[in-house]
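Student: Take this structure, written in structure tokens, and hold onto it; I'll ask about it next.
The values are calculated or read from the model by the stated rules, or taken from the named source; none is laboratory data. Keep in mind that what you see is a predicted model, and the values were worked out from it rather than measured. Every residue, glycine as well, gets a Cβ built from its backbone with ideal geometry; the counts of neighbours run over all protein chains shown.
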């Protein structure tokens, strides 16, 4: 470890040599002129030297240059570029506010000067979603969903029909870390996965790392999705919202004190149950079925150098009838403090709380049956950005997370009020720690690097009774650890490296290697993701998952950056993958560890992406050809088999056409290979039952999936006070009956066994009215 | 729990009025017919009952394909062997076998074409029912009749200490015959203790119920557990699989040795 750090600094020193000239620092923030929102990843270019930097996650930038006069160009997608002439003869602070290119609600404007950013930056396997653009993509029931739009990008695929869960590069669903203002979100779906928990009105920026993760991120082996909430308008009070078929949204934001602090509150609630009521039979009388989300964020500048942010999220699904209730949801809270030590050193300190829990209750006669479980995280971290010189930006920091996992526990109360508590599965407690250091280095005008190291630790904490299991899952040994005792520690070193080599002004080659560790594992019996999915911590018995990924990419922009093209190849090797043995289940299983099997995985593929950014017609084509396999000694005779999410071909075509300035039409088409599944190859009688004889694990395929959606957005009224638009969308235009599940049963009428498929969503039109004021 | 998900999906489906279920023709692979061995040895009464059949294609008829021309041999702990004679309709049966707790039994089934399959398992310890209580609950759990009274049975017995034990509770009524649900449990956490388990069903007043406590060998306990999990396959369940047989050579089915103890109770009028 020390050796690595030493060589890192050595590299740094080398790049500093020969720079004995007097130097000064230019630093500041970049903001949106209309709202005062900080601009993340915005570009700052020093025209004279053809080099620059980007703002960090808090909109801060810093450049250290030799004394002189410079033309500084500030740019951000969708906003008008500004140029300033700066006489740099002392350290200077220069914050800029960029105005909107147009106030048009639905316009997709790309006016950024640094249009070649996708080619020149050191990011590999990273996708950023433009929330403005995402609004135009037609979606199920008109509910905008960033997770679903992400699924239309290469290497990201949907977990099921209409689902917001996703797989990245053949990884499992639990291998994605979803961060909302730095707080992990453990279950990102509502309504059995048909909607994500992210209300797009409250979001500012979304970035997904499919690979090439910077060293500041860790904890999951397949991807990191960093979602940032809006800060709230610093200039004036305003709001936005929408009324749709199944949900309504309202967001209000404004300054707490102009240009000093702001607040934003955003809420959303579905009313599916109210609309459904007339169609439901008596059995569902009094049925409740809804979810709600509440996002809140406030920030305040304490001075020139300090600013605090408080953000929170609360979401809950409620499902029930008169005598039956089931609810689940996430809560997160993030408190951040930005501090500027000087114009070259930026610090962010964060305190985070996050939880996910569910509860289940049945009332019958006078008695009740209750079951509940949850995961709770307490998290502290510090991230430093040191703008050492124009060629090196160093980030370093540390993080500590205390995890508490409360597994399912049930209580039965009888009619006399007497309580019986089920043998509870033991609570797990653990401390996850990490330190990292990374450098973003411009070696010369052609080569840029981003390299770093992340050291991860994970310790189990008592009190806990650790068991080992022999044949037939018989407990062989039991070791009990005291409360507060650290009884098992894993340490893992994760190197990260990205390189970008410019072949020309508009083309580059990129490469990345990264290793990731994952200490929490989701035990799920299904692919769709359910509220009762169950997290477990690594332990002496359950080893941490490890992924090593290598990616190579070629990036090229054509026709004055009208078209972006990229192709990336990746190979990912996965260790210590966790799965249930045949028949294993998480629900109320005391010895769940004894039902687990451990194995390896591998995934590789080729991703193509072609995007048109300019003109009346915009859109993209994404195509992935890939393979994802697993190997477990106890499954399939130890042979490699396809992971369920092994989709060989995955194609998405998205187009948006601006018919008039007020009318935009859009379409999206998806096609992917059916999931790898296990089907019967025969049937037999045993113990008096007719049972299916199943073939090899995941050797068969669901029917291929394809679907076309259409959308249209019409701007109703435009003035400075109130804007609104109507969005029409038609999901599954040609009414394709895609199979959600296939079941095999005996047809009593014919006395034959048969297969039948369940298809969930046929053609579904919807309309949503969106407004802002 | 599973039912709740199905309801959930149904509500969503009704809501969007678009969900539908339809039959599809899948091009399924047809596996070679496999031998299915359903071998039950009752160490308490010395009965051996084996049913042999073959698996058939998924789209073929549901008729059972019996195997009438195999031979079955038992090897006892003392090394002696016994043949289980064919009695007709795929059945091979015998009586008078003596096995005591801990005895190993080896069964070999040889098909007419010569392929043979072997399983070995151990005789479990007999557990004796201490008592069976009948309890009346007004609208409690498990009853079919929501408004009326329900009778629940509670079976009590003592676990044999210092060894893992595996149990299955079944019951017999004249109306319904023998229960076929897999009411399975082991003695984890209760080694040597008094065990009690409820039997959920709806019984009629005046009915005679024979409660059977079966002690199982670990292999068949696992088999029945897996079988019950495969049986309840539905939406949201685990990847389908075949219960693991204790026979080698790719046979399906199981060899089970059980000990049986019964108690009969009469549901009060």
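Student: Can you tell me which condition residue A:49 does not meet? The list is (1) at pLDDT below 85; (2) more than 29 Å from residue A:508 (Cα to Cα); (3) over 31 Å from the mean Cα position of the chain (by Cα), and all the others hold.
Tutor: Of the numbered conditions (1) at pLDDT below 85; (2) more than 29 Å from residue A:508 (Cα to Cα); (3) over 31 Å from the mean Cα position of the chain (by Cα), the odd one out for residue A:49 is (2).
Student: When the stretch B:16-26 is examined, which residues are found to be more than 23 Å from residue A:682 (Cβ to Cβ) and in a strand (DSSP E or B)?
Tutor: B:20, B:21, B:22
Student: Also: What number of residues in the stretch A:323-334 are surrounded by fewer than 17 Cβ atoms within 10 Å (Cβ to Cβ) and modelled with pLDDT of 90 or more?
Tutor: Residues that pass the stated criteria total 0.
Student: Can you name every residue in the stretch A:175-231 that is within 14 Å of chain B (Cβ to nearest Cβ) and either part of a strand (DSSP E or B) or under 13 Å from the mean Cα position of the chain (by Cα) (or both)?
Tutor: Passing the criteria: A:189, A:190, A:195.
Student: Got a number for residues in the stretch B:66-102 being part of a loop (DSSP other than H, G, I, E, B), farther than 23 Å from residue B:249 by Cα, in contact (Cβ under 8 Å) with a residue 40 or more places away in the chain and in contact with a strand residue (DSSP E or B) (Cβ under 7 Å, 6 or more places away or on another chain)?
Tutor: 3
Student: Also, I was wondering about something else. How many residues does the stretch B:112-143 contain that are in a loop (DSSP other than H, G, I, E, B) and either modelled with pLDDT of 80 or more or away from every other protein chain (no Cβ under 12 Å) (or both)?
Tutor: The total comes to 10.
Student: Quickly run through the stretch B:27-57 and pick out the residues that are within 19 Å of residue B:251 (Cβ to Cβ), at the interface with chain A (Cβ under 8 Å from one of its Cβ atoms) and in a loop (DSSP other than H, G, I, E, B).
Tutor: Scanning the stretch B:27-57 gives B:30, B:31, B:33, B:34, B:55, B:57.
Student: Out of A:401, A:412, A:405, report the one residue that is over 27 Å from the mean Cα position of the chain (by Cα) and within 30 Å of residue A:594 (Cα to Cα).
Tutor: After ruling out the rest, the residue left standing is A:412.
Student: Can we say residue A:203 is touching a helix residue (DSSP H, G or I) at 6+ places or on another chain (Cβ under 9 Å) and under 21 Å from residue A:167 (Cα atoms)?
Tutor: No; evaluated as a whole, the condition is false for this residue.
Student: Could you list, in sequence order, the residues of the stretch B:212-232 that are more than 14 Å from every other protein chain (Cβ to nearest Cβ) and either more than 29 Å from residue B:162 (Cα to Cα) or crowded, with 21+ Cβ neighbours inside 10 Å (or both)?
Tutor: Result: B:213, B:215.
Conditions (1) closer than 24 Å to residue A:116 by Cβ; (2) at pLDDT 90 or above, marked per residue:
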| position | (1), (2) |
| --- | --- |
| A:480 | no, no |
| A:489 | no, yes |
| A:492 | no, yes |
| A:495 | no, yes |
| A:502 | yes, yes |
| A:512 | yes, yes |
| A:516 | no, yes |
| A:523 | no, no |
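Student: Could we say that residue A:453 is in a strand (DSSP E or B) and touching a helix residue (DSSP H, G or I) at 6+ places or on another chain (Cβ under 7 Å) here?
Tutor: Answer is yes for this residue.
Student: Moving to a separate point now. Taking residue A:604 as the residue in question, decide whether it is outside any helix (DSSP H, G or I), at pLDDT 90 or above and closer than 30 Å to residue B:53 by Cα.
Tutor: Spelling it out, it is not the case that residue A:604 is outside any helix (DSSP H, G or I), at pLDDT 90 or above and closer than 30 Å to residue B:53 by Cα.
Student: Only one residue in A:459, A:539, A:508 is at pLDDT 90 or above, part of a strand (DSSP E or B) and over 25 Å from residue A:442 (Cα atoms), so which one is that?
Tutor: None of the other options fit; the residue is A:459.
Student: Let me ask something else about it. So residue A:484 ticks every box in (1) exposed (fewer than 14 other Cβ atoms within 10 Å of the Cβ); (2) modelled with pLDDT of 90 or more but one. Which box is left unticked?
Tutor: (2)
Student: Quick check: is even one residue across the stretch B:180-191 surrounded by fewer than 16 Cβ atoms within 10 Å (Cβ to Cβ), within 9 Å of chain A (Cβ to nearest Cβ) and closer than 30 Å to residue B:73 by Cα?
Tutor: Yes, the stretch B:180-191 contains at least one residue that is surrounded by fewer than 16 Cβ atoms within 10 Å (Cβ to Cβ), within 9 Å of chain A (Cβ to nearest Cβ) and closer than 30 Å to residue B:73 by Cα.
Student: Residues that are farther than 16 Å from residue A:668 by Cα and more than 9 Å from every other protein chain (Cβ to nearest Cβ): which strands (runs of 3 or more DSSP E) entirely in the stretch A:718-773 hold 2 or more of them?
Tutor: Filter on the stretch A:718-773 gives A:723-731, A:764-772.
Student: Quick one: which residue in A:18, A:78 is modelled with pLDDT under 80, surrounded by fewer than 22 Cβ atoms within 10 Å (Cβ to Cβ) and touching a helix residue (DSSP H, G or I) at 6+ places or on another chain (Cβ under 8 Å)?
Tutor: Selected residue: A:78, the only one of A:18, A:78 that is modelled with pLDDT under 80, surrounded by fewer than 22 Cβ atoms within 10 Å (Cβ to Cβ) and touching a helix residue (DSSP H, G or I) at 6+ places or on another chain (Cβ under 8 Å).
Student: Could you tell me which residue of the stretch A:445-466 is nearest to residue A:211 (Cα to Cα), considering only residues that are over 26 Å from the mean Cα position of the chain (by Cα) and surrounded by fewer than 19 Cβ atoms within 10 Å (Cβ to Cβ)?
Tutor: Residue satisfying both the conditions and the ranking: A:447.
Student: Also: Quick one: which helices (runs of 4 or more DSSP H) lie wholly within the stretch A:113-161 and hold at least 3 residues that are within 27 Å of residue A:570 (Cα to Cα) and more than 17 Å from the chain's Cα centre (by Cα)?
Tutor: Per the criteria, A:117-120.
Student: Can you find a residue in the stretch A:679-700 that is out of contact with any helix residue (DSSP H, G or I) (no Cβ under 9 Å at 6 or more places or on another chain) and more than 7 Å from every other protein chain (Cβ to nearest Cβ)?
Tutor: yes
Student: Restricted to the stretch A:53-69, and to residues that are over 23 Å from residue A:204 (Cα atoms) and without any contact (Cβ under 8 Å) to a residue 40 or more places away in the chain, which residue is surrounded by the most Cβ atoms within 10 Å (Cβ to Cβ)?
Tutor: Going through the qualifying residues, I end up with A:68.
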